[in-house]
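Participant: This is the structure, below, for whatever I ask next.
The values are calculated or read from the model by the stated rules, or taken from the named source; none is laboratory data. Note that the structure is predicted; figures quoted are calculated from it, not measured. FYI the Cβ positions are ideal-geometry reconstructions off the backbone, even for glycines, and counts take in every protein chain you see. The area values use the complete protein model at the heavy-atom level, side chains included, leaving out ligands, DNA and RNA. Shrake-Rupley method; radii C 1.70, N 1.55, O 1.52, S 1.80 Å.
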Amino acid sequence: MGTWLDETLTWGNALIFFLWGVILLAIVLGFVTYAIYFERKVIGWMQLRIGPNRVGPLGLLQTVADILKLLIKEDTIPRKADRMLFILAPALAYVPAFAVLAVIPYTQDLYFADINVGLLYYVALSGISTIAIVIGGWSSNNKYALLGGMRSAAQMISYEVPLVISVVGVVMMTGSLNLRIIGEQQGNWFWEWNFLPQIIGFVVFIIAAVSELNRTPFDLPEAESELVAGYHVEYSGFRFAFFMLTEYVYVYAIAALTTVLFLGGWHAPAPFLDFVPGIIWFLLKFSCIVFFLFWLRATMPRIRVDQLMGFGWKVLLPLAILNVFITALYLELFIKG
Amino acid sequence: MKGLLKGLGVTFKSMTAKKVTTSYPDVPFVMPDRFRGIQHFEPDKCIVCNQCARVCPTECITLTGKANPDPEKKGKVIDTYDINFEICILCDLCTEVCPTEAIVMTNNFELASYSRDELFKDREWLDNNNRNVRQDNNNIGAPAAAKGGAK
Amino acid sequence: MIRTEELLLNVGPQHPSTHGVFRIIVKLDGEVITEAIPVMGYLHRGTEKLAEDLNFTQIIPYTDRMDYVSAMTNNYVLCHAVETMMGLEIPERAEFMRLIVMELQRVASHLVWWGTYLLDIGAMSPFLYAFRDREMIIDFFNELCGARLTYNYMRVGGVKWDAPEGWLDKVRDFVPYMEKKLDEYNNLVSGNEIFLARIKGIGQYDAQTAIDYGLSGANLRCTGVDWDLRRAEPYSLYNRFEFDVPLGKTGDCYDRYLIRLEETRQSLRILKQALEQIPSSGEVMGKVPRVIRPPAGEVYVRIESPRGEIGCHIISKGKAEPYRLKFRRPSFVNLQILPKLLVGETMTNLITILGGIDIVVGEVDA
Amino acid sequence: MSEERDKTAGMPSSGDTVGTAGEAPKETAGTVEGKEQSGQEQASANAEPAAPAAPSSAEASAAPVVDPEREAKLKAAAEAREARAAAKAKAESEAVPEEPKAPSPKQPILDAAVGLIRTEVAEDAVEEAYINELNGHMPVIVVKGDRWSEVAALMKNHAALGCNYLRNVTGVDCETHMEAVYHLVSLESKQDYAIKIKTDREAPSVASATPIWATANWNEREIYDLLGINFPGHPDMRRIMMPDDWVGHPLRKDYEPLDPEV
């Protein structure tokens, strides 16, 4: 991928980039479909039941059937809703989710964009989805949706800050914002990966990431038992599918980002395991994190809004800042001194 | 933190545990013998004593008897007998008071139907609903005299 | 100055966590509730009016449908009331069967409450575990009296069915299994810090308010008032078994949670003793006239249902049908404290407190 | 019994089975006829309800001429039954007064409570006081309507009575008058009382006990909603079960249901 990027932009190159974009979209949609299926299977197993097994062999086509259903379903827009915003919200939610994937490196030479401010790009774009959720909640003219929208705005903003600061430690250690370099710099032994020296940053990052995804135990915005369905209560048909798509593409993005930042991207846990290609290690670590997210969803109750805020500002943020100081101290004394 | 981890442990352990769900539509659900499903009615046993119609709390049994066709035998023969399953709550009081066990419960419970008219089960339908009929009917409410009679 | 308006929100009647068709009109200032007005009657079926022209055997199926989560205790309170009026003698084995069935029902009812309470608070799995174990009790009832939810099992003067052979042994094996499962529940949830943070200190009231509002069951004992009808006014055979009545101290949702789990354990303890002492044979149906005509007069009988004190007030004029039949329904009375508790709480706590009081709307609107 | 039936002309000697026919009370005909209306096909078949087919008679559409005769027969049977019941009751009552009723154990408690009410509240506050043997000798005190709130305050606050727990409130429509029954219990002494208040049927009103026991709030609203007894002094007297614009009070004996089908 890198070679084409360096050449001048001819029609051929543009077509190649477009095709790569389409391939990535296909992969992500495939992932989303089977992530939903896999999640329902895992949570089913954890709840002593089987999970979807009726549509297609072993239920593999279950999510395909769901998406088809959503496509065919009537797409209602509430009469008093603010039409323009109502239509805009799902698109505004999905675009940054997909755009963010450009910057994630899968292996040494399999990456899409090699921006030297990759991490900043990621964090900046993921902030836009928050606006989309608030617009969605406000424009559907439904009290529950409004409450859901307000809650998610508060939650996402207040967890964006610890998310970013917890990553500053990693950036300081590698000295660059470029995700490919961050991935490269982590050594071949698993204790050389970033998550051990940056253990505080890692824990804070995981908690803030789960909250960023609005997943249990932080799934306030669409708290089924209180707000019925939160901001997407009025959405139906394909628009609702877009919100679900956004949520799962973010799961893909966050899991990939955690793998690259903390778990040594495509590096094998030990050098003698190097014969296995990097992409396999990447996928293994990636699915472990995805499994952990599903596992959390099956076990944890939901946290209350004020506890969520208190936890975010009073616990996560100081921890993240402390992590930055420790890294700075460590770098100053051992590396540069 | 410890409580969270213990909780995660329990869910992880039950991931590999034996599943408890039954695949009902494919594998028929076997009910115990005493299960109160849809009634089964045998017209020849019925002596048209109207007990079941009188005891039914929701009054969903309607029956009409007619004089016995062959002159020498006394008593009545049932003419029409239908139960309105829109209101029937399957409370088993009718089988309890029936002296001759003409009406008994069966173990099948599938009553779903696309139109309300199908919920009016008439005599023929109740007669040939005779799969897995309940054996132990224990009609304690029946008048003691006739209880042993047509067991 | 920005002008803020109060948001009027209808929680219910069709809402995932109002435990039935029950509606609360809530005035919200942001997320904080300033006033809560419960609206009910969506499930009012007029049982008391219907009962006036049904004889007592016919009323029993209606009592199953009042508190549909613990139908056995409803059956018992009606039969007990008529038996007290007529001074009937209940055979020993019938009384034991009734007690075993009621305690099993208490365990099943608390399991439903535990599962749905955790679901209200956001954890999805406990609901499935609770219903897996409750399913075993439901199967016992299915084998015993032929129905899974509306049992219509008890009759004035005894019970309709005797236990099929092998049934009592199955229940005997169930008791240790269930105790092991209760420990598993505690591991799964009771230590969970998020869960504790969600229910500690929520919906708190003191003993005097509880008595003043006439609360009963775990809602009363969570404030430390020792009032369990099985111990305070023993009926049936409860004075033959020892069990202790768990009491709370602070009167918040956490105490109610612990009390109900402990009550399940105590019910299992009673079951163990009852299963040992049950006479191996004997009549299950006492001598009862064919048409049950209680003498003229009135009687108010009350027993301890999983939700509190359920009472049955019968006024009879000597005919086969009650002249007036009134049920004192614990959920209806326990619900009165909800508006008082909700003022100043957030939306999330509304669901936690409502779940903590443990109401069944079939009983609220009977 | 049997020769009476043969006399009725036009009815084939049905020769019912033994035992059950004797008690063919009127309402069977009612239920049979009522049910026919609810059956979907039958309803469409005969628009107005079929003649009240005698429970065991054969032809469904008996000629209406049979009606008055049948009514006569039923009335005769009913009177016979009343006569028998009265005879039985008379026999019973003679037996009872021979042995004097043993004074119930709770009698002193009842007298103490009545005495207290008479001294503290007013001489005529208590209309009647008796022991309800059926109910485990529960003392029942009938209180005069206008004295009720003072008696309620006394019952709750007085040290000897100390009924801090209002257990149940029932409204009863006794055709001649309305009654509100309050069941009180003292959690400490476990002694329970039943207080009855009578009001007339036209403008029934009982002083509300909500200021004293908060639990009476919804109970009284339910009684107001279903029976129409008004409770002055109640903080929020509204219907609780029925929709707010409902007309009439369903639990009253003379309440005709909205649609006769029920």
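Participant: Using alpha carbon centroids, what distance separates the stretch C:287-366 and the stretch A:259-274, in Å?
Facilitator: Value for the Cα centre distance between the two parts: 64 Å.
Participant: Got the relative contact order for the stretch D:107-203 handy, in percent, Cα pairs under 8 Å and 6 or more residues apart?
Facilitator: RCO, the stretch D:107-203: 23 percent.
Participant: Give the span of chain C's Cα atoms along each principal axis, as three whole-Å numbers ordered largest to smallest.
Facilitator: Reported extents, whole Å, longest axis first: 79, 47, 34.
Participant: Same structure again: In whole Å, how far is the Cα centre of the stretch A:32-78 from that of the stretch C:241-259?
Facilitator: 42
Participant: Which chymotrypsin sites (Phe, Trp or Tyr not before Pro) in the stretch B:105-146 pass both tests, a DSSP loop state and at most 16 other beta-carbon atoms within 10 Å?
Facilitator: Sites meeting the loop and neighbour criteria: B:PHE109, B:TYR114.
Participant: Still on this model: For D:PRO139, what is the net charge nearby, where nearby means another residue's Cβ is under 13 Å from its Cβ and Lys, Arg count +1, Asp, Glu -1?
Facilitator: -2
Participant: Tally Lys/Arg at +1 and Asp/Glu at -1 over every other residue whose Cβ is under 14 Å from the Cβ of C:PRO13; what's the total?
Facilitator: Net of charged neighbours comes to 0.
Participant: Given R₀ = 22 Å, what would the calculated FRET efficiency be for D:LYS144 paired with D:ALA112, taking r from the Cβ atoms and rounding to 0.05?
Facilitator: Calculated value: 0.70.
Participant: Taking all protein chains as present, what is the carbon and sulfur share of the accessible area of chain A, in % to the nearest whole number, probe 1.4 Å?
Facilitator: 75
Participant: Sticking with this one: Just the number, please: buried accessible area between C and A, total of both chains, 1.4 angstrom probe, nearest 100 square angstrom.
Facilitator: Roughly 2400 Å² of accessible surface disappears when C and A pair.
Participant: Could you tell me what % of all Cα pairs in the stretch A:216-337 have separations over 20 Å?
Facilitator: Of all Cα-Cα pairs in the stretch A:216-337, 66 percent lie more than 20 Å apart.
Participant: Another question about this same structure. In Å², nearest 100, what accessible area do chains A and B bury in total when the solvent probe is 1.4 Å?
Facilitator: In total, chains A and B hide about 1200 Å² from solvent.
Participant: Another one. Put +1 on the Cβ of each Lys and Arg and -1 on the Cβ of each Asp and Glu in the protein assembly as shown; which of A:LEU333, A:PHE282, C:ASN186 then has its Cα farthest toward the positive end of the dipole?
Facilitator: Positive-most Cα among the choices belongs to A:LEU333.
Participant: Where a Cα-Cα gap under 28 Å defines reach, which lysines qualify for C:LYS180, not counting those fewer than 8 residues away within the same chain?
Facilitator: A:LYS41, B:LYS2, B:LYS6, B:LYS13, B:LYS18, B:LYS19, C:LYS170, C:LYS200, C:LYS249, C:LYS272
Participant: Another question, then. Set Lys and Arg Cβ to +1 and Asp and Glu Cβ to -1, take the dipole of chain A about its Cα centre, and tell me which of A:VAL260, A:MET150, A:ILE77 lies farthest positive.
Facilitator: A:ILE77
Participant: How much of the accessible area of the stretch C:113-184, probe 1.4 Å, is carbon plus sulfur, in whole percent?
Facilitator: 61
Participant: How high is the relative contact order of chain C, in percent, with contacts defined as C-alpha pairs under 8 Å that are six or more residues apart?
Facilitator: Across chain C, relative contact order equals 26 percent.
Participant: Over its Cα atoms, what ratio of radius of gyration to 2.2 N^0.38 Å does the stretch B:5-151 give?
Facilitator: 1.41
Participant: If I build a Gaussian network model for chain C, linking alpha-carbon pairs within less than 10 angstrom, which residue out of C:ILE60, C:ILE303, C:ILE351 has the largest mean-square fluctuation?
Facilitator: With Cα springs under 10 Å in chain C, the top fluctuation among C:ILE60, C:ILE303, C:ILE351 is at C:ILE351.
Participant: On to the next question. So if R0 is 51 Å, what FRET efficiency would A:LEU273 and C:VAL32 give, r being the distance between their Cβ atoms, rounded to the nearest 0.05?
Facilitator: Efficiency computed from Cβ-Cβ geometry: 0.35.
Participant: Across every pair of different alpha-carbon atoms, what Kirkwood hydrodynamic radius in Å does chain A reach?
Facilitator: This gives a value of 21.2 Å.
Participant: Summing +1 for each Lys or Arg and -1 for each Asp or Glu, what net charge is found among the other residues whose Cβ lies under 11 Å from the Cβ of A:ASN141?
Facilitator: My count for the surroundings of A:ASN141 gives +2.
Participant: Buried accessible area for the D:C pair, summed, 1.4 Å probe, in Å² rounded to 100?
Facilitator: The summed interface area works out to 3700 Å².
Participant: Another question, then. What are the residues of the stretch C:94-132 that lose 50 Å² or more of accessible area, with a 1.4 Å probe, going from their chain alone to all protein chains?
Facilitator: SASA drop of 50 Å² or more in the stretch C:94-132: C:MET124, C:SER125, C:LEU128, C:TYR129, C:ARG132.
Participant: What is the magnitude of the charge dipole of the stretch A:48-122 about its Cα centre, with +1 placed on the Cβ of each Lys and Arg, -1 on the Cβ of each Asp and Glu, and no other charges, expressed in debye to the nearest 20?
Facilitator: Using Cβ point charges on Lys, Arg, Asp and Glu, the stretch A:48-122 gives about 520 debye.
Participant: For n ≥ 4 DSSP H runs only, could you compute -39500 (n - 2.57) per run for chain B, divide by its residues and tell me the 222 nm figure to the nearest 500?
Facilitator: Result for chain B, helices only: -5500 deg cm²/dmol.
Participant: Whole Å is fine, so just give me how far the alpha carbon centre of the stretch B:40-111 lies from that of the stretch D:187-230.
Facilitator: So the separation of the two Cα centres works out to 45 Å.
Participant: Please state the charge dipole magnitude for the stretch A:203-337, taken about the Cα centre, from unit charges on C-beta atoms (+1 on K and R, -1 on D and E), reported in debye and rounded to the nearest 20.
Facilitator: That gives the stretch A:203-337 a dipole magnitude of about 240 debye.
Participant: If the cut-off is a Cα-Cα distance under 13 Å, which aspartates and glutamates reach C:LYS27, setting aside same-chain residues fewer than 8 apart in sequence?
Facilitator: Partners within reach: C:GLU5, C:GLU6, C:GLU35, C:GLU345.
Participant: A follow-up question, please. In the stretch D:107-203, with Lys and Arg counted as +1 and Asp and Glu as -1 at Cβ, which of these residues, D:GLY115, D:MET155, D:ILE195, has the Cα nearest the positive end of the dipole, that is, farthest along it?
Facilitator: Toward the positive end, the furthest listed residue is D:MET155.
Participant: Next question. Ratio of the protein assembly as shown's C-alpha Rg to 2.2 N^0.38 Å, to two decimals?
Facilitator: 1.12
Participant: Would you mind getting the accessible area per residue of the protein assembly as shown, heavy atoms of the protein chains only, 1.4 Å probe, in Å²?
Facilitator: 41
Participant: Output ³J(HN,Hα) for the stretch A:139-149: one whole-Hz value per residue in order, computed from phi by the Karplus curve 6.51 cos²θ - 1.76 cosθ + 1.60 with θ = phi - 60°, and x for Gly and Pro.
Facilitator: Values per residue, Gly and Pro as x: 6, 7, 6, 9, 4, 4, 5, 4, 4, x, x Hz.
Participant: About its Cα centre, how strong a charge dipole does the protein assembly as shown have in debye, to the nearest 20, once Lys and Arg get +1 and Asp and Glu get -1 at the Cβ?
Facilitator: Once rounded to the nearest 20, the dipole reads 2060 debye.
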